[in-house]
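These notes concern the structure reproduced below.
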Amino acid sequence: MASLDIFNDDAFSLQSLTASIMEQAHVPGRIGALGLFDNDGINTTSLSIEKEGATLALVPAGDRGAPGLVVNADKRESIPFNTLHLPQTSTIMADEIQNLRAFGTETEVEAVANYVAKRQAKHRRQLDATFEHHMIGAIKGQIMDADGSTVLLDLFNRFGVSQTTHSLVLGTNTTKVRNKVLELLDKIEDKLDGVPFTGVRVFCGRDYFKNLVGHPEVKAAYERWQDGAALRDDVRGGFEFGGAIFEQYRGQVGGVKFIADGEAYAVPEGVSDLFIGRFAPANYMETVGTNGLPYYSKVEPLRMNKGVELESQSNLLMICTRPGAVIKLTA
């Protein structure tokens, strides 16, 4: 019969449980799969982004020996951010594992560890979905809480910029959509202040994507792309039109869509440190001063040893450092 005393085994230590949840099968969201975010661990619960107001000016010609153009130092501003704490708990009562028998060659510890791992797998899936939600929020400029209405972090407010919008005028059949896409690329280039980028990817809501591929000018190009799709190894990356890649984004949880049906967001790719993700240590004594990991997991006995409480957590911050360079496309 499984005993609660086995939770004192090293298999249920913070280190072992954290390693276990890290190894759970990971079904990444689209943003996570693309690798847009530069993720890393930090050993504090906060960080600062340094904003440097670099400006350029043309140098006027002058007589030899005359005073030159005065070049002032760039203004720097440090913007602090706190990581967000994402805890989950589960209670495993003694009765749940009382009649748990070791199967085959499993030991008692292995059998209970598998039971705990199933609960961890659910924690991991929910954290992964939350990571995707926060990354989409960073792209959109506002990171929302799980209720979809509470703003946890407004990047436009923190960086002192406003959201940039653009319309492809898809409601008019005579619109030169390709020219509108070129205007979109120009707008992104201007917002990046000359910082090079390798391409632009547009994440479209369901209706927006349908309106795009249904437009007379785009329809022929999309149909040609579909005809050759079977010859490609991976067609999930969307199709290219006018110098940008358009794809329908399908991420949602509980019926709440991460990108509204009638919206789209154009994201420049290949820009260094445009999107960053940072993970802080858990609020445990064992993790003080260590570099943070994406996932942590730990167990603790309940009062009177009637069961154990399993906790999984992440302490993350997803940021777009140039929120004005991500363009919101409206219907």
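Every number here is computed from the coordinates shown, using simple stated rules; none is lab data. Here the structure is a predicted model, which is why all the values come from computation and not from measurement. Every residue, glycine among them, receives a Cβ derived from its backbone with ideal geometry; neighbour counts consider all protein chains shown.
Some values worked out for this structure:
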read-out: Rounded if a/c under 1.5, otherwise prolate or oblate - the range 204-331, Cα gyration tensor axes; value: prolate
read-out: Net length gained if the chain between E286 and V161 were fully extended (0.36 nm per residue, minus Cα distance); value: 41.0 nm
read-out: Sites A121 and L152, calculated FRET efficiency, Cβ-Cβ separation with R0 25 Å, nearest 0.05; value: 0.45
read-out: Ordering of 86-95, 199-208, 272-281 by packing [mean C-beta count within 10 Å, highest first]; value: 199-208, 272-281, 86-95
read-out: Spin-label zone in the range 297-331 - amide nitrogen under 13 Å from a point set 7 Å from the Cα of D207 along the C-beta vector; value: 330-331
read-out: Cα centroid of the range 105-181 to Cα centroid of the range 275-331, whole Å; value: 14 Å
read-out: N43-S13 FRET efficiency (beta carbon distance; Förster radius 22 Å; 0.05 resolution); value: 0.60
read-out: Extension gain, S272 back to T89 (0.36 nm per residue minus Cα-Cα distance, nm); value: 62.2 nm
read-out: Residues D5 and Q252, FRET efficiency given R0 of 51 Å [Cβ-Cβ distance, rounded to 0.05]; value: 0.75
